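As structure tokens, the structure follows; a few thoughts come after it.
Each value in this text was obtained by applying a stated rule to the coordinates, not by laboratory testing. Fair warning: this is a prediction, and the values are worked out from it, not measured in the lab. Here Cβ is always computed from backbone atoms with ideal geometry, including for glycine, and neighbour counts include all displayed protein chains.
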Amino acid sequence: MLKVEGIETWYGAIQALKGVTLDVKSGEIVALLGANGAGKSTTIMTITGILKPLKGSIRFLDQDITGMEAEDIAEIGIACVPEGRRIFPGLTVLDNLMLGATPRKRASRGEIKNDLDRVFAIFPQLADFSGRLGWQLSGGQLQMLAIGRGLMSGSKILLLDEPSLGLAPVLVQEVFRVIKEINKTGTTILLVEQNARMALLIANRGFVLETGRVMLSDTAANLLANEEMKAHYLGAHTHIKEARQRRRDERAGA
Amino acid sequence: MDWSTNLQMVAAGLAMGSIYALVALGFVLIFNAVNVVNFAQGEFAMVPAFVAVWLMNSLNTPFALTCVITVVFMGIFGIVFQRIAYYPLRHRSFLPVVISTIGVGIFLKNGAQLIFGAEPLSMPRPTSPTALNIFGVFVDPQYIVIILCTLILLGFQYFFFEKTILGKKMLATAQDKQMARLLGIPVAQMIAITFAYSSILGAAAGILVGPIFFVTKDMGAMIGLKAFCSTIVGGFGSIPGAILGGIFLGVIEVFASYYISTAYRDAFAFIILILVLLLRPQGFFGEKIAEKA
């Protein structure tokens, strides 16, 4: 469904992506994993057309979308829930959701109403405060609204960038449950996450990025069992040890 | 110092304030959409005044038709202005665009002089020149027209941004352009429409104020500056702030020139501006805004 081949994206003189290749098949949840600065968000922004790759190609449903404008890519059916949620702060919850339906130019009022009801069924809370303004919402509510807005586009694929970031553990579980549910109703998902374990638990396959390159790609089950993955991305234990060591080093350095 | 004189001045102040408010709104809408202060905003009121005078005096176009033509002309003018003064510089910082709007403003002023001459022109009045006597208060009917037209425009604008999806898309574009693009909102179009609408607000201001003042190439500069003061007094970036700031300045100006000094009429707006900047720099309705992340 989505095929990304060898894309190289630059921020001015800095090369953020050094030939990223990945693919997402219809109906899948694919996890895009990696540390901070590995190029996960850059990959998403390049797929959506906000950033333009210098090399490589992006194909969606057998259409070459490399270099297309973001507005047009949204229209042909790639929805994105970017990092930081990006809810319009001065608009109401309902307005934010309705704007999500922008790509559906030919949809009737009834169809959009149906989709709105579907979003409200997934996130009952949103219906309760549909008149509230974006800036009045809490982090968890913002994330629900952001995903809901993404769903309103009726797109075949949803790119989710760090949906669990900054949420309380209970909410993180809730978000992953919803992602799984959305996927079951037919939406393909490319999920960017730092929380590798949680992501792989719901994903079919995963790609691991490191400094702008795909270092590993496999089925989710294999990645969960992979020793290298365990050491670097899955073992919370090692993380803590490393962090402690780093702090000790820093103190020694200072 | 009787009450009828004071009420007369309130009417005059509300009328002038409405003009400032219309131009101030243009400032704010463009600023919100593209984060740039359009220093040619005053010229957006000067150009339509000349167009209207020319239509009425040279072609004997009836007033209503003149209004329609001028508004349509200014809508297109706003889009062309945007294409020339803003669009090529859209990826640049604040300053190049500001300088570009100042440049186009100078061009427009001198263009007006070249085409229409340096002599001040008078615009035919759509209203009777004799003051209306409303319960003993003598009011120029043009003031009432100005106030009513402004109210109608504000009502339309409220409806447009609150109730229409196009209005929401424009607000979304103003709040987060990148996210708007991700949702498939044609951002460049929304910005062009914003300029067109700001320019139409200028058309309203120019046609409404024309019959009171002479139409000159410099009329835009003074209106533009005072409208800019209004936006700051009201709280920069705030729509209600621009409206109330404009009306506040208009009323203060009329009262101060009567009670304090007519000669310094034009100075009062700036005195208020300085006081507001000293005492409440965020303006009446402004929030203390941190730089956008």
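Just to be sure before I move on: is B:ALA203 more than 14 Å from chain A (Cβ to nearest Cβ), without any contact (Cβ under 8 Å) to a residue 12 or more places away in the chain and surrounded by 14 or more Cβ atoms within 10 Å (Cβ to Cβ) in the structure I sent?
Against the criterion (more than 14 Å from chain A (Cβ to nearest Cβ), without any contact (Cβ under 8 Å) to a residue 12 or more places away in the chain and surrounded by 14 or more Cβ atoms within 10 Å (Cβ to Cβ)), B:ALA203 does not qualify.
Go through the stretch B:164-223 and tell me which helices (runs of 4 or more DSSP H), entirely inside it, have 3 or more residues that are small (Gly, Ala, Ser). I'd like the intermediate steps shown before the answer.
Numbers: elements: B:165-175, B:177-182, B:187-209.
Result: B:165-175, B:187-209.
Quick one: in the stretch B:125-165, which of the residues that are within 30 Å of A:ILE78 (Cβ to Cβ) and β-branched (Val, Ile, Thr) is nearest to the other protein chains (Cβ to nearest Cβ)?
Looking at the filtered set, the residue picked out is B:ILE165.
Identify, by number, the condition in (1) buried (at least 21 other Cβ atoms within 10 Å of the Cβ); (2) within 30 Å of A:SER138 (Cβ to Cβ) that A:ARG177 doesn't meet.
(1)
If we keep just the residues of the stretch A:35-53 that are assigned to a loop (DSSP other than H, G, I, E, B) and within 14 Å of another protein chain (Cβ to nearest Cβ), which is surrounded by the fewest Cβ atoms within 10 Å (Cβ to Cβ)?
So, considering only residues that are assigned to a loop (DSSP other than H, G, I, E, B) and within 14 Å of another protein chain (Cβ to nearest Cβ), the one surrounded by the fewest Cβ atoms within 10 Å (Cβ to Cβ) is A:LYS52.
When the residues of the stretch B:3-44 are narrowed to those that are among the hydrophobic types (A, V, I, L, M, F, W, C), out of contact with any helix residue (DSSP H, G or I) (no Cβ under 7 Å at 6 or more places or on another chain) and within 30 Å of B:VAL137 (Cβ to Cβ), which ends up surrounded by the most Cβ atoms within 10 Å (Cβ to Cβ)?
Filtering first and then ranking leaves B:LEU7.
How many residues does the stretch A:120-139 hold that are surrounded by fewer than 21 Cβ atoms within 10 Å (Cβ to Cβ) and part of a helix (DSSP H, G or I)?
Summing the residues that are surrounded by fewer than 21 Cβ atoms within 10 Å (Cβ to Cβ) and part of a helix (DSSP H, G or I) in the stretch A:120-139 gives 10.
Is it true that A:LEU142 is closer than 14 Å to A:LEU99 by Cβ and in a helix (DSSP H, G or I)?
no
Which number in (1) touching a residue at least 12 places away in the same chain (Cβ under 8 Å); (2) over 19 Å from the mean Cα position of the chain (by Cα); (3) within 14 Å of another protein chain (Cβ to nearest Cβ); (4) not in a loop (DSSP other than H, G, I, E, B) marks the one condition that A:ARG104 misses?
(4)
Give the stretch A:1-21 a look and list any residue that's assigned to a strand (DSSP E or B) and touching a Ser or Thr at 6+ places or on another chain (Cβ under 7 Å), or say none.
A:VAL4, A:GLU5, A:GLY6, A:ILE7, A:THR9, A:ALA16, A:LEU17, A:VAL20
For the stretch B:166-197, enumerate the residues that are surrounded by fewer than 17 Cβ atoms within 10 Å (Cβ to Cβ) and either polar (S, T, N, Q) or within 7 Å of chain A (Cβ to nearest Cβ) (or both).
Within the stretch B:166-197, B:GLN178, B:GLN189 qualify.
Applying the selection to the stretch A:54-76, what residues are at the interface with chain B (Cβ under 10 Å from one of its Cβ atoms) and either assigned to a helix (DSSP H, G or I) or farther than 18 Å from B:ALA172 by Cβ (or both)?
If the condition is that a residue be at the interface with chain B (Cβ under 10 Å from one of its Cβ atoms) and either assigned to a helix (DSSP H, G or I) or farther than 18 Å from B:ALA172 by Cβ (or both), then A:ALA70, A:GLU71, A:ASP72, A:ILE73, A:ALA74, A:GLU75, A:ILE76 are the ones that fit.
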